[in-house]
Amino acid sequence: MKQRIVIFVAAALVAGLAGFFALQPSDQTAATPTAPVPPAAVAPPPDLEALKTKAAAGDPAAQTRLGWICQKGTGMKPDMKAAVNWFRQAAEQNYPEALVALGEMTQAGQGTKPDPTEAARLYRLAAEKSNVAGQYDLAYLYEQGSGVEKSETEAAKWYELAASGGDPIAQYDIGQRYLLGVGVSTNLPQACKWLTLAAGQGQADSTRLLRDLKSQLSAAELAQANQLLKEFVPRATNVLH
């Protein structure tokens, strides 16, 4: 199962991506360095007793957070069965983050028997609620043919939805697909758009691939890619934290 970090794409960042990663010659003058950003404050440890009280009362957010704590062993010994129990209670309320978390544990066989078909069902429920992690995980199952019938078309569909929600790895994946014509028709400007967005979030593989791609594009294709970047607006999502 792929590990990943989902990074939100702020509107201001997106508006500046086309300029920062402008599809121009490589001898462009570098931007002036900005002052270092101070580190974010560390979140205080959770009040476990208060969290357990809320979870026991049926709060799906508290149940999901408690599931993560049990899974990771934050302040306690990891307990996969307890994590599955809390995730399942929240998933039964169709809480998207819990659906994804339970799906990932079910796919991996952590705290429960491995069941890719059930994992796919859970991911789909989350994906249909615009949860980026659910969309990505469902795309990956379609790509692998695990728990669902293998379909590059369905994989591309869900990768692109996750990409439009700001997931940099999904942006890299769909960028490659537009480059190679896997599950979608080959479209180099679209490939350039998605790889540029992923590279803008520090996705190193995209940066390397983009460098080669830009050297192959015509002036018209470069202009089209720039226009696609200017028009891109991240859609509202429900993102796994």
Tell me which residues, restricted to the stretch 68-85, are surrounded by 21 or more Cβ atoms within 10 Å (Cβ to Cβ) and either touching a residue at least 60 places away in the same chain (Cβ under 8 Å) or within 20 Å of residue 127 (Cα to Cα) (or both). 84
Flag if residue 229 is surrounded by fewer than 21 Cβ atoms within 10 Å (Cβ to Cβ) and assigned by TED's automatic domain parsing to the domain that holds residue 170: no
If you go through the stretch 116-126 one residue at a time, do you hit one that is touching a residue at least 12 places away in the same chain (Cβ under 8 Å) and in contact with a Phe, Trp or Tyr (Cβ under 8 Å, 6 or more places away or on another chain)? no
Identify, from the list 104, 92, 97, the residue that is at pLDDT 60 or above and in contact with a His (Cβ under 9 Å, 6 or more places away or on another chain). 97
With 156, 199, 139, 162 as the choices, which residue is more than 28 Å from residue 105 (Cα to Cα) and either of a type outside the set (Val, Ile, Thr) or over 16 Å from the mean Cα position of the chain (by Cα) (or both)? 199
Neighbours by Cβ (under 6 Å, 6+ apart or cross-chain): first from the stretch 205-216, polar (S, T, N, Q); second in a helix (DSSP H, G or I): 206/172; 206/195; 206/198; 206/199; 207/199
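This table checks each residue for (1) assigned by TED's automatic domain parsing to the domain that holds residue 99; (2) modelled with pLDDT of 95 or more; (3) within 30 Å of residue 116 (Cα to Cα); (4) part of a helix (DSSP H, G or I).
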| position | (1), (2), (3), (4) |
| --- | --- |
| 133 | yes, yes, yes, yes |
| 139 | yes, yes, yes, yes |
| 142 | yes, yes, yes, yes |
| 173 | no, yes, yes, yes |
| 178 | no, yes, yes, yes |
| 182 | no, yes, yes, no |
| 195 | no, yes, yes, yes |
| 205 | no, yes, yes, yes |
| 220 | no, yes, no, yes |
Residue 153 meets each of (1) loosely packed, with under 14 Cβ neighbours inside 10 Å; (2) assigned to a helix (DSSP H, G or I); (3) out of contact with any Phe, Trp or Tyr (no Cβ under 9 Å at 6 or more places or on another chain) with one exception, condition (3)
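The values are calculated or read from the model by the stated rules, or taken from the named source; none is laboratory data. This structure is a prediction, so every number in the text was calculated from the model and none was measured. Ideal geometry is used to build each Cβ from the backbone, glycine not excepted, and the neighbour counts take in all protein chains shown.
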